[in-house]
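K.L.:
Could you have a look at this structure, given as structure tokens, before my questions?
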Amino acid sequence: MKLIDGKKIASEILDSLTHKIEQFPRKIGLAFLLVGENQASLAYVRMKKKACSRIGIQSIVKEYPADTSQEELLKEISQLNLDPQIDGILVQLPLPAHFDTLRVTRSIAPEKDVDGFHPINMGKLLLGEADGFLPCTPHGIQQLLAHTLPIEGKHVVIVGRSNIVGKPLAVLLSQKKKGANATVTLAHSQSKNLSEITQTADILIAAIGQPRFIKKEMVRPGCVVIDVGINRVQNEEKLVGDVDFDAVAPIASWITPVPGGVGPMTIAMLMQNTLESATRRG
């Protein structure tokens, strides 16, 4: 078993971006919108803001109480859409229950949607068009794999069909282009004989949001295992993934740790999208 060091790969990408940003003719701006006091969301925004500082992107964080109205948030997004100093807008999810998340996502100008969640950018991903923004976590996973082994022709099994990871990742890895061309199976909670499906994988990607869901008997020896999950378990101090790491790691050829695997890559791809937005906007 070898660890796929997401921290190291992400750091190399950030170093490359730093050099490009130093050459850029103006300041690049990224706005974060945070509603409520979800502790995980607060932590994620802190990490993203830290990455901005490291590479020279100017970031602003606009924080709102949990009872903020949807109209107020939409008004702020509308103003940021028109702000020439802002190249990217990120609404930190999840939003409080009274928000229509899809409506909020759709309100971000597609050319500033550096999270890659706007329906126009999702459509461009599906069509294989290069002028959209790729969702950060799926793109980060693709880059992790590309830095580790050839993906072409491999059977990838993704467990989890969310709009944030599973579905866009399935599209991304099956595209007819370099760093893709995989045969992808998208499995989920209603899949019959899930263990039989996962055992056929050359590359197994767990994105189901359940701690230690992927057990040793679900993994073929020599498989590459990518763990997207970040879960807090009661009475345990450390975060755990969707993979039972201690049991699965000895039989995997490569495996990502939690934390330190997919997470840093998600942030690196956000920074890359923000630079790309600024470059397109001039």
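The values are calculated or read from the model by the stated rules, or taken from the named source; none is laboratory data. These numbers come from a predicted model, not from an experiment. Note that we place each Cβ from the backbone using ideal geometry, even for glycine, and neighbour counts take in every protein chain shown.
K.L.:
Considering every residue within region 166-179, establish whether at least one is closer than 23 Å to ALA10 by Cβ, buried (at least 18 other Cβ atoms within 10 Å of the Cβ), touching a Ser or Thr at 6+ places or on another chain (Cβ under 6 Å) and touching a residue at least 12 places away in the same chain (Cβ under 8 Å).
P.N.:
Looking through region 166-179, none of the residues is closer than 23 Å to ALA10 by Cβ, buried (at least 18 other Cβ atoms within 10 Å of the Cβ), touching a Ser or Thr at 6+ places or on another chain (Cβ under 6 Å) and touching a residue at least 12 places away in the same chain (Cβ under 8 Å).
K.L.:
Taking only pairs six or more apart or across chains, which ones have beta-carbon atoms under 7 Å, a first residue in region 39-59 that is closer than 16 Å to HIS19 by Cβ, and a second residue that is exposed (fewer than 14 other Cβ atoms within 10 Å of the Cβ) and at pLDDT 95 or above?
P.N.:
GLY56/GLU22
K.L.:
Continuing with this model, one more query. Examine region 191-208 for a residue that is under 17 Å from the mean Cα position of the chain (by Cα), in a loop (DSSP other than H, G, I, E, B) and either surrounded by fewer than 16 Cβ atoms within 10 Å (Cβ to Cβ) or outside the structural domain of THR101 (by TED's automatic domain parsing) (or both), and state whether such a residue exists.
P.N.:
yes
K.L.:
Go over the candidates ARG212, ARG280 one by one and state the one that is among the basic types (Lys, Arg), outside any strand (DSSP E or B) and within 30 Å of PHE24 (Cβ to Cβ).
P.N.:
Going through ARG212, ARG280 in turn, just one is among the basic types (Lys, Arg), outside any strand (DSSP E or B) and within 30 Å of PHE24 (Cβ to Cβ): ARG280.
K.L.:
Restricting the search to region 192-208, which residues are among the small types (Gly, Ala, Ser) and closer than 27 Å to LEU134 by Cα?
P.N.:
ALA201, ALA206, ALA207
K.L.:
Another one. Identify the single condition in (1) among the aliphatic types (A, V, I, L, M); (2) part of a strand (DSSP E or B); (3) more than 21 Å from LYS2 (Cα to Cα) that VAL156 does not satisfy, given that it satisfies every other one.
P.N.:
(3)
K.L.:
Out of region 215-254, which residues are assigned to a strand (DSSP E or B) and either among the polar types (S, T, N, Q) or over 25 Å from LYS192 (Cα atoms) (or both)? Give the derivation first.
P.N.:
We begin by selecting, within region 215-254, every residue assigned to a strand (DSSP E or B); these are 224-227, 231, 240, 243, 254.
If the condition is that a residue be assigned to a strand (DSSP E or B) and either among the polar types (S, T, N, Q) or over 25 Å from LYS192 (Cα atoms) (or both), then ASN231, VAL240, TRP254 are the ones that fit.
K.L.:
Taking region 20-38 on its own, how many of its residues are free of Cβ contacts under 8 Å to residues at least 40 places away in the same chain and farther than 18 Å from SER277 by Cβ?
P.N.:
1
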